[in-house]
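The structure appears right after this line, and notes come after that.
The values are calculated or read from the model by the stated rules, or taken from the named source; none is laboratory data. Just so we're clear, the structure is a prediction, and the values are computed from it rather than from any experiment. Cβ atoms come from the backbone with ideal geometry, glycine included; neighbour counts cover every protein chain shown.
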């Protein structure tokens, strides 16, 4: 890893700029929710804020994928930083007057920019790691940036929230956009050939004429089975883990509203977020580079690690000791992020640099929608189903779907051999 970064210094600038942008977005989310709490806002505003933090990315990721065919990705990413900076001006001005509607609009643009940048980020990483032997390193970097963003942007941001007002948080985000704009520019100037627009991808006229959802069906129907598994791997992870993660506040409530750690007054929710991020960072460290290609397609390993994740969360419901609970969360997310890093590896491996922009936008849309839908559904069903039972439902649905699909494939293979061989 160190040798790679030493020989590709421009990629350090790209990682740093990505990290700064994501940290700024995390600070904005903390500022918006913190201000809503201070104003004792109606619960409907929290729902709107959550929706605006999720759904704009569903559409902007598709927009980002479209623009990668029209413009150099440098223009797309730098344009997103400018949009982000401008979008915070009005919320910053009206924060003094406690205008909630304008304040939560900052969430809209944060989600919009995150979705817009996702396809060009994946394209850039694919172009950097052109050698398949380096793809495990790409998967690890992707996980590290996401985890550090959560720790610093959301975790640290929540801890120091009482030291700053909402306006200062928004100013910090604006500064982050300026810094990321400058550092992205530097990274792209050092390696201009990585910033070209994407070549046109071959799509049939039939697919282009169909509506949004129908085009998805054709897209997956024509996809090779290895690509299809790489595409859905991270979506399966999200579906299985989202109920457990979304119910963390229920677990945190039994430890009270505040705890003191090293003379800092923190909420259990913040400690859970930090523990989750630590586990996410440790997961990829366990897998050696030469192991990725051997184990990523092992479906039994996938289900085993996901089951261990759920098993640890089951113990979490019965733990009455805070620090034991934090340790359980760390180990649970080590297991889940071993699979996540394998999913990132497979996605970069099986999609070419011309395909990955469109594929990543579709994956981002399904991933985001699945997490939002399952979180809301879990919140409703937890009133009727025991949480320990509820978190296992998606796992067993996917597990039995895999078994049924395998049996069908075996049956048709036998029929084919008997009649055509």
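Summary table below
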quantity: Failed condition for residue 132, given (1) within 19 Å of residue 144 (Cβ to Cβ); (2) modelled with pLDDT under 80; calculated: (1)
quantity: Enumeration of residues in the range 276-294 that are in a helix (DSSP H, G or I) and either over 22 Å from the mean Cα position of the chain (by Cα) or crowded, with 22+ Cβ neighbours inside 10 Å (or both); calculated: 276, 277, 279, 280, 283, 284, 289, 290, 291, 292, 293, 294
quantity: Test: residue in the range 303-322 that is at pLDDT below 80 and either outside any helix (DSSP H, G or I) or in contact with a strand residue (DSSP E or B) (Cβ under 8 Å, 6 or more places away or on another chain) (or both); calculated: no
quantity: Hey, residue 353 surrounded by fewer than 15 Cβ atoms within 10 Å (Cβ to Cβ) and either outside the structural domain of residue 234 (by TED's automatic domain parsing) or modelled with pLDDT under 80 (or both) or not; calculated: no
quantity: Residue within the range 208-224 that is in the same structural domain as residue 342 (by TED's automatic domain parsing), modelled with pLDDT under 65, touching a helix residue (DSSP H, G or I) at 6+ places or on another chain (Cβ under 9 Å) and not in a helix (DSSP H, G or I) present; calculated: yes
quantity: Exclusive hit being buried (at least 24 other Cβ atoms within 10 Å of the Cβ), over 22 Å from residue 272 (Cβ atoms) and either at pLDDT 70 or above or assigned by TED's automatic domain parsing to the domain that holds residue 347 (or both), set 104, 123; calculated: 123
quantity: Flag for residue 366 being in the same structural domain as residue 237 (by TED's automatic domain parsing), assigned to a helix (DSSP H, G or I) and crowded, with 21+ Cβ neighbours inside 10 Å; calculated: no
quantity: So residue 14, is it in a helix (DSSP H, G or I), in contact with a helix residue (DSSP H, G or I) (Cβ under 9 Å, 6 or more places away or on another chain) and modelled with pLDDT of 80 or more; calculated: yes
quantity: Answer from 302, 309 - the residue that is buried (at least 22 other Cβ atoms within 10 Å of the Cβ) and under 13 Å from residue 230 (Cα atoms); calculated: 302
quantity: Any chance residue 257 is over 29 Å from residue 139 (Cβ atoms) and at pLDDT 80 or above; calculated: no
quantity: Number of positions in the range 355-398 that are without any contact (Cβ under 8 Å) to a residue 12 or more places away in the chain and more than 20 Å from the chain's Cα centre (by Cα); calculated: 9
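Yes or no, residue by residue, for (1) over 19 Å from residue 73 (Cα atoms); (2) modelled with pLDDT of 65 or more; (3) within 25 Å of the chain's Cα centre (by Cα):
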site: 143; (1), (2), (3): yes, yes, yes
site: 149; (1), (2), (3): yes, yes, yes
site: 154; (1), (2), (3): yes, yes, yes
site: 157; (1), (2), (3): yes, yes, yes
site: 160; (1), (2), (3): yes, yes, yes
site: 163; (1), (2), (3): yes, yes, no
site: 175; (1), (2), (3): yes, yes, yes
site: 180; (1), (2), (3): no, yes, yes
site: 193; (1), (2), (3): no, no, no
